[in-house]
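Encoded as structure tokens, the structure appears first; notes follow it.
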Number of protein chains: 4
Amino acid sequence: MRALVYKGPGQKAVEDRPMPKIAAPTDAVVKIVKTTICGTDLHILKGDVPTVTLGRILGHEGVGVIQELGGAVATFHPGDRVIVSCISSCGKCEYCRKGMYSHCTTGGWILGNTIDGTQAEYVRIPYADTSLYRVPAGADEDSLVMLSDILPTGFECGVLNGKVQPGSTIAIVGAGPVGLAALLTAQFYSPAASIMIDLDDNRLEVSTRLGATATINSKDGKAAEKVMGITGGRGVDTAIEAVGVPASFLLCQDIVAPGGVIANIGVHGTKADLHLERLWDRNIAITTRLVDTVSTPMLLKTVQSRKVDPKRLITHRFKRDMILDAYETFGHAAKNNALKVIIED
Amino acid sequence: MRALVYKGPGQKAVEDRPMPKIAAPTDAVVKIVKTTICGTDLHILKGDVPTVTLGRILGHEGVGVIQELGGAVATFHPGDRVIVSCISSCGKCEYCRKGMYSHCTTGGWILGNTIDGTQAEYVRIPYADTSLYRVPAGADEDSLVMLSDILPTGFECGVLNGKVQPGSTIAIVGAGPVGLAALLTAQFYSPAASIMIDLDDNRLEVSTRLGATATINSKDGKAAEKVMGITGGRGVDTAIEAVGVPASFLLCQDIVAPGGVIANIGVHGTKADLHLERLWDRNIAITTRLVDTVSTPMLLKTVQSRKVDPKRLITHRFKRDMILDAYETFGHAAKNNALKVIIED
Amino acid sequence: MRALVYKGPGQKAVEDRPMPKIAAPTDAVVKIVKTTICGTDLHILKGDVPTVTLGRILGHEGVGVIQELGGAVATFHPGDRVIVSCISSCGKCEYCRKGMYSHCTTGGWILGNTIDGTQAEYVRIPYADTSLYRVPAGADEDSLVMLSDILPTGFECGVLNGKVQPGSTIAIVGAGPVGLAALLTAQFYSPAASIMIDLDDNRLEVSTRLGATATINSKDGKAAEKVMGITGGRGVDTAIEAVGVPASFLLCQDIVAPGGVIANIGVHGTKADLHLERLWDRNIAITTRLVDTVSTPMLLKTVQSRKVDPKRLITHRFKRDMILDAYETFGHAAKNNALKVIIED
Amino acid sequence: MRALVYKGPGQKAVEDRPMPKIAAPTDAVVKIVKTTICGTDLHILKGDVPTVTLGRILGHEGVGVIQELGGAVATFHPGDRVIVSCISSCGKCEYCRKGMYSHCTTGGWILGNTIDGTQAEYVRIPYADTSLYRVPAGADEDSLVMLSDILPTGFECGVLNGKVQPGSTIAIVGAGPVGLAALLTAQFYSPAASIMIDLDDNRLEVSTRLGATATINSKDGKAAEKVMGITGGRGVDTAIEAVGVPASFLLCQDIVAPGGVIANIGVHGTKADLHLERLWDRNIAITTRLVDTVSTPMLLKTVQSRKVDPKRLITHRFKRDMILDAYETFGHAAKNNALKVIIED
């Protein structure tokens, strides 16, 4: 089968690879129907993720069809259409039993990381019963690809951790796909004001279409000042960090109101300053989280009942054999006004 | 009346001052029966708290008797014995209505800060109805002095924010009075293990008497390693920072388990490093809080029902006219094995 | 001034009454601009509310202008436009400090009950600082009349207690004003399905316009069966009782899913059967609540940010001197397709 | 092997039965080391539990040793000592993923009910990975037998659902084993007052030894009055029903304070009156729950750290071949002052 393979820092290739096989009784082999590219895949390709070794098939998102099942899989049958979760959950360890699947002692984020991923014709999925989700009849599968990672990430790490509430004021720093996923799912809770902050005017325009009540281009260094202006000097109840650099985390510290939350989504490569000398008495919380995908069943219901339309995050489509073009487009997202791309047969 | 007055950085004096008067219909004047000294008072005396001006009477803790009341005070009568809360709460503003009294728009921590405090024979208490608590008949008033600040601070900022649970593992960095108050009140929730970390062996001995299941003297720089040893490499569910310097906050980052909480109590004078490159995917929360004293009624019930004995934090007693000696003792706490001191008539 | 007065069971009159006066330093006298009639007022007129004595001016809802203030009121000035809360909250007692204003030891629901109410030209409001809410500049005051009682009642007793969540399935038994207020505010949380159940087809049509995804006329006695059909035999996550009779409470027991909540809003005059023999092992919760109006500031933000349009509950308008006509219309609500009526100058 | 078998209403026998075999790859066969008898077993023997058919081996509690494992069991090895949970959890269905194992679609309470149970030399345990808990080295196995059912039942259904808090006032109606288990585990949260109510003076004496601060013998019909006396007319924050008859549920309604919780543990065979005409405006919650055993890992930590000593519930011991004597003793518990009995080799 054809697969997108990591060949070392800065290098990738489409290669022929053997079909995956059932390796444990809890495994499934899934034929991938649609997949996509994540910002994390770009990080891997830069060489920033040391757990990814040469020859790894990338990708941790997708919708597919069950091809083959291990003997202990109880929930699925061959031919079932499924959403692949970016997180593999054994369902048995202490963390899985607490709903913290991200820290599953034998799973977590392993797809396209320590085991081969979904940017291929087929993929082996460990712990199929607890890591795949059935596609409802008649569902829009483009939308469901967004349930593999981006929507639960924005929702769990940003919105749930950020305790977004009816009438509250939120700011999201970073209007890339995950920031926009947080924006979309924040609307579940009817905040009064949703402020999007980014350096890219196109993304800010998209933000407005997706529900932002105000947008701020932060390139003039006055974003904090502007947020304070919008909020009457009070700051925001929830500041969501969706970039992953110290500057955006600092901005969150500058705009969070007393009693508020800074919910970090961004993948950080370096430490940041925490201004405890200003924050120690502000009654705030800062949260971090690798997505658990524990909310996937809930999100599926919101998609099916049209409370959210995650397809709006999709900007480009590619046939599977054009996956290198998809990477080219997604890798220069700003230039191409790209958010999520769909790769399909 | 006699009062302990701030005379500028490094200077204090006992002086004659006029009796406080009712200034607003919601005020009370309280005759102080017992008071104490807080670590914050030492910070003020160093000149570190710019809101405190020359001539300010210090002190924000104490038990007393209602001397005089403004016309709108409904709950108390002259002669009532009361606990003075370190936080003044108007009961009306947005923050007070949410139970976040620390951020009361016209109150908060003002006693012995922006208005005269309790280290005097009498003190004016604004918003008496919502800032004083009735002393139950027959109560031990030494214990109740601990309810002005230290016990709710340890409990709210450390234990409640830290989500201490039955069977959980906690570590408290700093075994001074507030760290010990957190230790005492953490026992309300029956944690399986309570690890105290400090540089002072005497305080660690006290910790053991007050319920610590393990103690670590961190002076060898191996505290994190030892906590990991005690917890089987897992870390602690709750790490409570009760010092207020970057090193202790860093230690908390090193020992918090995935899914855990770092609850900051310490008053920080400088920023600290936050290792987001290690913590972004660890599903942790960091909380800060200035005590709200919203738990005072609950704590009063626990004291009255002997679920906690806060008197155990008291090491020394002084007559009011010996308050300078009390400062001397408390100011060299390590040398004197001092925790809380009682100053009384 | 003219006022609508209770004259004993089945009797009411518009009478001349003296202007109210400030009786306590925390009082306000408010000139009523708009008021409305509540189902509770009809109960009173039937003689069902024994705390209401002859000669009482009815009404506990309205928007007005501050006319006069007691000396201890800090938050308002004469001329301020305010929403009158149906609940008077002292802000000082144990219950008020916990946010349970409904059980304020000297307040609670007293307006138009144990003291004169808002169906008059002027009303005295006790505890003005903590029982009135400022009208934002430019706000639609018709909508804000709904914030006195009906919207917080539907929201707090039905939606918050019912733990409505994104993707969840709810049913509301009773599509009168309070049931519809619950329906409107349930949408804050993006439930997947909102089923309205009533005997009146007009109200069910209104429900559909206000966001119901399914409606059931229960007059054939098959409502439970139909709910089970809609929910695939599972039942609803949240069943909201908004009628106040045993039959509707029983229906809630028949349709609640394992792990679900029955949130009672209805005012009950008699006991009901609780089928513990079926429910003991179903992991459900049943909640009751007299509205606290603790959510009024939150609701005001949702109205101002157009997340909800409570004006949609208003069907009729009357000049103040036609208040008896307003009662006639509201008293025969089904015949007149009446929900909330506005009474104004 | 020898087993205690249900032979129809009023009849039981010790019989020879074939050894259980692995039937699914997720099964374990466990050699029972210690077991006990539950009040539910007595209900079954009366013929009150229609799901139990003739010939069923009873028992859903015990500690044992893994004898044999299905091919998909990942967590255990033969020879491991384990606690058997009374609830079988597949770990995969919607309910298991939410921590509501009691409603597992293919498990739940099946042991000694729809499949053979633990009152035998060996038992087959479905879903071994998610229904067994490892015995820590050196643990007291008598105590751990209490973790199969009684301790999590008292804790989850009574204490957790009842929201017991530091300083709160609780009453437990019924001082049988499950009421006492609630009393023991309520102490995790340091309530100020724990009132036990029962008809049996011996059980009330035991209650005092296990932490009750007051006891009431309710046979004079004045229990509600006495609770009101103890609580200054306020009632209790948490009322735990641990009997399962209408009278005790009614008593809970009479003693719950505004804002309080009635947490039902009792197994009810008939409906009860719910006095909504008095409770609709009291802001209370009523909860029901079949134990999920989701707290077993937490409880195990509290036992191991000596925060609770569940062995104190054990009053009698029997060799396995004397199990009929054990039933005789437990079946006349009041006469024999029996609480939990241990049955062992």
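The values are calculated or read from the model by the stated rules, or taken from the named source; none is laboratory data. As the structure is a prediction and not an experimental result, all values here were calculated from the model. Counting neighbours? That spans all protein chains shown, and the Cβs are built from the backbone with ideal geometry, glycine included. What goes into the accessible areas is simple: the full protein's heavy atoms, side chains included, and nothing from ligands, DNA or RNA. Shrake-Rupley method; radii C 1.70, N 1.55, O 1.52, S 1.80 Å.
With respect to the numbered conditions (1) surrounded by 15 or more Cβ atoms within 10 Å (Cβ to Cβ); (2) part of a loop (DSSP other than H, G, I, E, B); (3) without any contact (Cβ under 8 Å) to a residue 40 or more places away in the chain; (4) not basic (Lys, Arg), which one is the sole condition not fulfilled by A:HIS77?
Among (1) surrounded by 15 or more Cβ atoms within 10 Å (Cβ to Cβ); (2) part of a loop (DSSP other than H, G, I, E, B); (3) without any contact (Cβ under 8 Å) to a residue 40 or more places away in the chain; (4) not basic (Lys, Arg), the lone unmet condition for A:HIS77 is (1).
Taking the stated definitions as given, is A:PHE330 outside the structural domain of A:PHE188 (by TED's automatic domain parsing) and aromatic (Phe, Trp, Tyr)? Before the answer, list the steps.
On the way: outside the structural domain of A:PHE188 (by TED's automatic domain parsing): yes; aromatic (Phe, Trp, Tyr): yes.
When the stated conditions are applied, A:PHE330 passes them.
Hey, does the range B:103-125 have a residue that's in a helix (DSSP H, G or I) and open to solvent by less than 10 Å² (accessible area, probe 1.4 Å)?
Here is the first cut: in the range B:103-125, the residues in a helix (DSSP H, G or I) are B:103.
Retained after the next criterion (residues that are open to solvent by less than 10 Å² (accessible area, probe 1.4 Å)): none.
No, there is no match, as no residue in the range B:103-125 is in a helix (DSSP H, G or I) and open to solvent by less than 10 Å² (accessible area, probe 1.4 Å).
Which residue pairs have Cβ atoms under 9 Å apart, sit 6 or more places apart or on different chains, and have a first residue in the range D:152-175 that is under 20 Å from D:MET228 (Cβ atoms) and a second that is of a type outside the set (S, T, N, Q) and at pLDDT below 95?
Listed pairs, sorted by first residue: none to list.
Can you tell me how many residues within the range D:56-73 are surrounded by 17 or more Cβ atoms within 10 Å (Cβ to Cβ) and more than 28 Å from D:LYS311 (Cα to Cα)? Break it down into steps so the answer makes sense when it comes.
Here is the first cut: in the range D:56-73, the ones surrounded by 17 or more Cβ atoms within 10 Å (Cβ to Cβ) are D:56-64, D:66-70, D:72-73.
Next, from what is left, pick out any that are more than 28 Å from D:LYS311 (Cα to Cα): D:56, D:68-70, D:72-73.
The qualifying residues number 6.
If you take the residues in the range C:142-171 that are outside any helix (DSSP H, G or I) and closer than 29 Å to C:GLY221 by Cβ, which one is most open to solvent (accessible area, probe 1.4 Å)?
Restricting attention to the range C:142-171, the residues satisfying the condition of being outside any helix (DSSP H, G or I) are C:146-149, C:161-171.
Cutting the leftovers down to closer than 29 Å to C:GLY221 by Cβ gives us C:161-164, C:168-171.
Details: C:ASN161: 32, C:GLY162: 1, C:LYS163: 132, C:VAL164: 4, C:SER168: 11, C:THR169: 26, C:ILE170: 0, C:ALA171: 0 Å².
Among those that are outside any helix (DSSP H, G or I) and closer than 29 Å to C:GLY221 by Cβ, it is C:LYS163.
Go through the range A:182-230 and count every residue that is small (Gly, Ala, Ser) and either away from every other protein chain (no Cβ under 14 Å) or part of a helix (DSSP H, G or I) (or both). Full working, then the answer.
Within the range A:182-230, the first condition is being small (Gly, Ala, Ser), and the residues that meet it are A:182, A:186, A:190, A:192-194, A:207, A:211-212, A:214, A:218, A:221, A:223-224, A:229.
Adding the requirement that they be either away from every other protein chain (no Cβ under 14 Å) or part of a helix (DSSP H, G or I) (or both) leaves A:182, A:186, A:207, A:218, A:221, A:223-224, A:229.
The number of residues fulfilling the criteria is 8.
Give me the strands (runs of 3 or more DSSP E) completely within the range A:262-326, filtered to those with at least 2 residues that are more than 10 Å from every other protein chain (Cβ to nearest Cβ) and surrounded by fewer than 17 Cβ atoms within 10 Å (Cβ to Cβ), ordered by residue number.
On the way: elements: A:272-274, A:285-287, A:314-319.
Here the list reads A:314-319.
Please determine, by comparing only the residues of the range D:72-124 that are within 14 Å of chain A (Cβ to nearest Cβ) and of a type in the set (Phe, Trp, Tyr), which one is nearest to D:ALA139 (Cα to Cα).
Filtering the range D:72-124 for residues that are within 14 Å of chain A (Cβ to nearest Cβ) and of a type in the set (Phe, Trp, Tyr), the one nearest to D:ALA139 (Cα to Cα) comes out as D:PHE76.
Being outside any loop (DSSP other than H, G, I, E, B), in contact with a strand residue (DSSP E or B) (Cβ under 7 Å, 6 or more places away or on another chain), over 22 Å from B:ASP292 (Cβ atoms) and within 14 Å of chain C (Cβ to nearest Cβ), is that true of even one residue in the range B:57-71? Let's see the steps before the verdict.
Start the filter on the range B:57-71 by keeping residues that are outside any loop (DSSP other than H, G, I, E, B), which leaves B:57, B:62-69.
In the following step, the residues that additionally are in contact with a strand residue (DSSP E or B) (Cβ under 7 Å, 6 or more places away or on another chain) were identified as B:57, B:62-69.
Keeping just the survivors that are over 22 Å from B:ASP292 (Cβ atoms) gives B:57, B:65-69.
This time we only want the ones that are within 14 Å of chain C (Cβ to nearest Cβ), so: B:69.
The answer is yes; a qualifying residue exists.
Looking at the structure I just gave you, is C:ILE44 assigned to a helix (DSSP H, G or I) and surrounded by 13 or more Cβ atoms within 10 Å (Cβ to Cβ)? Full working, then the answer.
Details: assigned to a helix (DSSP H, G or I): yes; surrounded by 13 or more Cβ atoms within 10 Å (Cβ to Cβ): yes.
Here the answer is yes, as C:ILE44 does meet what is asked.
Can you report the number of residues in the range A:172-181 which are touching a strand residue (DSSP E or B) at 6+ places or on another chain (Cβ under 7 Å) and not in a strand (DSSP E or B)? Working first, answer last.
Going residue by residue through the range A:172-181, those that are touching a strand residue (DSSP E or B) at 6+ places or on another chain (Cβ under 7 Å) are A:172-175, A:177, A:179.
When the remaining residues are screened for being not in a strand (DSSP E or B), the result is A:174-175, A:177, A:179.
Qualifying residue count for the region: 4.
Just the residues that are within 13 Å of C:GLU241 (Cβ to Cβ) and open to solvent by less than 10 Å² (accessible area, probe 1.4 Å), please, taken from the range C:177-195.
C:GLY179, C:ALA182
Of the residues C:VAL256, C:VAL227, which is at pLDDT 95 or above, in contact with a helix residue (DSSP H, G or I) (Cβ under 7 Å, 6 or more places away or on another chain) and not small (Gly, Ala, Ser)?
C:VAL227
Given the conditions (1) in contact (Cβ under 8 Å) with a residue 40 or more places away in the chain; (2) under 18 Å from the mean Cα position of the chain (by Cα), and given that D:SER207 satisfies all but one, which numbered condition is not satisfied?
(1)
Looking at the range C:237-244, is at least one residue of a type in the set (Ser, Thr, Tyr) and either touching an Asp or Glu at 6+ places or on another chain (Cβ under 9 Å) or without any contact (Cβ under 8 Å) to a residue 60 or more places away in the chain (or both)? Don't jump to the end; show me each part of the working.
The first filter runs over the range C:237-244 and keeps only residues of a type in the set (Ser, Thr, Tyr), leaving C:238.
Still in the running and either touching an Asp or Glu at 6+ places or on another chain (Cβ under 9 Å) or without any contact (Cβ under 8 Å) to a residue 60 or more places away in the chain (or both): none.
Within the range C:237-244, none of the residues are of a type in the set (Ser, Thr, Tyr) and either touching an Asp or Glu at 6+ places or on another chain (Cβ under 9 Å) or without any contact (Cβ under 8 Å) to a residue 60 or more places away in the chain (or both).
Go through (1) in contact with a Ser or Thr (Cβ under 8 Å, 6 or more places away or on another chain); (2) open to solvent by 10 Å² or more (accessible area, probe 1.4 Å); (3) more than 14 Å from chain D (Cβ to nearest Cβ) one by one and return the number of the condition B:ALA247 breaks.
Against the list (1) in contact with a Ser or Thr (Cβ under 8 Å, 6 or more places away or on another chain); (2) open to solvent by 10 Å² or more (accessible area, probe 1.4 Å); (3) more than 14 Å from chain D (Cβ to nearest Cβ), B:ALA247 comes up short only on (1).
Open to solvent by less than 10 Å² (accessible area, probe 1.4 Å) and hydroxyl-bearing (Ser, Thr, Tyr): which single residue out of D:THR26, D:THR36, D:THR53 fits that description?
On the way: D:THR26 fails: open to solvent by less than 10 Å² (accessible area, probe 1.4 Å); D:THR53 fails: open to solvent by less than 10 Å² (accessible area, probe 1.4 Å).
Going through D:THR26, D:THR36, D:THR53 in turn, the sole match is D:THR36.
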